[in-house]
Structures are given as structure tokens and as C-alpha cells.
1. Rounded to the nearest 10 Å², what accessible area does residue 18 show when all protein chains are kept and the probe is 1.4 Å?
2. Could you put 64, 72 in order of accessible surface area, largest first, with the 1.4 Å probe and the full protein assembly present?
3. With every protein chain present, what accessible area does residue 33 have (1.4 Å probe, heavy atoms only), rounded to the nearest 10 Å²?
4. For the chain, report the % of Cα-Cα distances exceeding 25 Å.
5. List the lysines whose Cα lies under 26 Å from the Cα of residue 2, skipping any in the same chain that are fewer than 8 positions away.
6. For residue 69, which aspartates and glutamates qualify as cross-link partners when the Cα separation must be under 17 Å and same-chain residues fewer than eight apart are set aside?
7. Restricting attention to the range 1-68, which trypsin sites (Lys or Arg not before Pro) occupy a DSSP loop and are surrounded by at most 10 other Cβ atoms within 10 Å?
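The values are calculated or read from the model by the stated rules, or taken from the named source; none is laboratory data. Being a predicted model, the structure only gives us computed values, none of them experimental. Neighbour counts run over all protein chains shown; Cβ positions are idealised from the backbone, glycine included. Accessible surface areas use protein heavy atoms only, side chains included; no ligands, DNA or RNA. Shrake-Rupley method; radii C 1.70, N 1.55, O 1.52, S 1.80 Å.
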Amino acid sequence: MKIVYAIVSSDDGNRVTDVLNENHFSVTRLATTGGFLKKGNSTLMVGTDDDKVDEVIRLIKDTCGKRQKITCNVPSPNIASISSGYMMMPMTVELGGATIFVTDVERFEKI
Ligand code: 2BA
């Protein structure tokens, strides 16, 4: 047996938990904080058979993989708008991604 730890963005935490549950994987989701950015993220713990680990990682990747989004909420530092101070500029930002650890489980019991 293995345990998969997946650190994902808080935005993706709900969705990936639902997807794993729908595919019959048990999940424990922890509210965690990244040590570098000090921002909230989610850590999922998924205990599963060795031969299911690749499926867990594929589901996480399909749901939380890195993707790009165009946002228009970024004020341009250079162009002052005549009416409201700043002009909003479209900008492409990268979302998602997951950091995954897989470890052996020495013993597993439900009592
Ligand atoms: P990622 O490498 O994608 O890491 C995202 C989050 O995953 C991290 O949040 C941390 O919570 C967890 N994580 C990543 N690698 C880990 C490991 N080896 N052990 C335990 N947890 C791990 P943050 O620590 O807030 O980092 C956010 C992003 O800042 C990182 O994205 C990376 O791009 C950057 N970063 C992290 N540490 C850095 C450092 N010392 N110098 C420069 N950039 C750093």
C-alpha cells in the first residue's frame, strides 16, 4: 500500500477531492500553508493500492495540472486612465499545479 500526498492550490482542493471520491478513492484534505509564500494551500492524503497510484496521479494532474488564464484585473503601472486612475491590462497568469510525494505504508488498520 502507498500514501499519496498532493499539495494543490486551495482553489483546486474541492474539485480534486470530488473527482477522487467519484473514482472511489478515499481522501483526507488538510488546510495547509506554503512555507515560502505563506499562502493557504490544500494537502490531500490518499491511501491506495500500489497499482492504483498512477491513476490517482493522473486524476490529480487532469484536475489541477498547470494551466494558463487570461485575466484583465491587472492595473498597468504606466498608463493612467483619464477617468479612474489606472487602465486594466490583460495578462496571462499560470494557475494550478501539484507537488506530489508517494510513500510506502508499513501498516494500515481501521479499528
Ligand atoms: P511549488 O514548487 O509548486 O510548491 C508549491 C507548494 O508545495 C509550496 O508552497 C509548498 O507548500 C509545497 N512544496 C513544494 N515543494 C515541497 C517540498 N520539497 N517539501 C514540502 N512541501 C513542498 P510554497 O512553499 O509557498 O512555495 C510556493 C512556490 O514558491 C513554489 O511552488 C516555488 O515556485 C516557489 N518557491 C518555494 N520555495 C522557494 C525558495 N526557497 N526559493 C525560491 N522560490 C521558492
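1. 80 Å²
2. From most exposed to least exposed: 72, 64.
3. Surface accessible to solvent at residue 33 totals approximately 100 Å².
4. Values: 2303 of 6105 pairs.
That tail contains 38 percent of the Cα-Cα pairs.
5. 52, 61, 66, 110
6. Excluding near neighbours in sequence, the set is 11, 12, 94.
7. Here the sparse-neighbourhood loop sites are 38, 39, 66.
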